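The structure appears right after this line, and notes come after that.
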Amino acid sequence: MKIRLKQLAVFTKTRPGIFLISSFLGLVIFGLYFGYSVVVPTNTDWLLLAGGDLKQHYLGWEFYRSSQIAFPIGQISNLAYPYGLPVTYVDAIPLLAIPFKAISILLPQDFQYFGIWTLVCFMLQGGLAGLILRKWTKNPAIILLG
């Protein structure tokens, strides 16, 4: 056990090492909180059963996906008639919604990207938190606990 802790301590002395370990911890926390089935792009049940904001985000994506291509890019033409509504107002993560709409003909009918987005956010939050904590302390235990 001591050898592994020493190896971990050596690995946490580098920025990439801190980032990777902290990102992995973010992945573990994500799994404990949501479970990994939400990452499957065809699993939409968790969004529809959750209700509230998650359901609204997913429905916004579905409206955007089924709307005609409009200008400006990201405009949902079949919502808020007659003017339409920007995809940003339905919180459908435009950074992903716009590219996925472009290839939506290739996607399965039930498709969501919110699980993948949330996983990436958890991992980045863990990795960046580790890098920030490394600025304040060099103790790997405190960094990983943070």
(request) Enumerate the whole-percent occupancy of each 5 Å bin, from 0 to the last occupied one, for all C-alpha pair distances of the chain. (result) 2, 9, 16, 15, 13, 11, 10, 9, 7, 5, 2, 1, 0, 0
(request) With a/c under 1.5 counting as rounded, go ahead and sort the range 73-146 into rounded, prolate or oblate using the C-alpha gyration tensor (a ≥ b ≥ c being the square roots of the eigenvalues; past the cut-off, prolate if a/b is larger than b/c, else oblate). (result) prolate
(message) Helix-only mean residue ellipticity at 222 nm, the chain, DSSP H runs n ≥ 4 weighted -39,500 (n - 2.57), per residue, nearest 500. What is it?
(response) -19000 deg cm²/dmol
(request) Just need the relative contact order of the chain here, percent rounded to a whole number, with Cα pairs under 8 Å and 6+ apart. (result) 36
(request) Just the number, please: carbon plus sulfur as a percent of the accessible area of the chain, 1.4 Å probe, no ligands or DNA/RNA counted. (result) 70
(request) Identify all aspartates and glutamates with a Cα-Cα distance to Lys101 below 18 Å; exclude those on the same chain that are fewer than 8 residues away in sequence. (result) Glu62, Asp91, Asp110
(request) Place the peptides 99-108, 18-27, 128-137 in order of packing, highest mean first, counting for every residue the other Cβ atoms within 10 Å and averaging per peptide. (result) 18-27, 128-137, 99-108
(request) Can you grab the distance from the C-alpha centre of the range 38-60 to the C-alpha centre of the range 79-134, Å, no decimals? (result) 12
(request) Obtain the nm distance between the two label points defined at Val28 and Val40 by a simple spin-label model: each point lies 7 Å from its Cα along the Cα-to-C-beta direction. (result) 2.5
(request) Subtracting the Cα-Cα distance from 0.36 nm times the residue separation, let me have the gained length for Asn78 to Arg15 in nm, one decimal. (result) 18.0 nm
(request) Skip the ligands, DNA and RNA, and give the accessible area per residue of the range 34-146 with a 1.4 Å probe, whole Å². (result) 62
(message) Using the Karplus curve 6.51 cos²θ - 1.76 cosθ + 1.60 with θ = phi - 60°, what ³J(HN,Hα) values do you get for each residue of the range 75-92, in whole Hz, with x for Gly and Pro?
(response) 7, 9, 7, 9, 9, 6, 4, x, 8, x, 8, x, 4, 5, 6, 9, 6, 8
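The values are calculated or read from the model by the stated rules, or taken from the named source; none is laboratory data. In this text the structure is predicted, and so the values were computed from the model without any measurement. Virtual Cβ from ideal backbone geometry, glycine too; neighbours counted across all protein chains shown. In case anyone asks, the SASA skips ligands and DNA or RNA and just uses the protein heavy atoms, side chains included. Shrake-Rupley method; radii C 1.70, N 1.55, O 1.52, S 1.80 Å.
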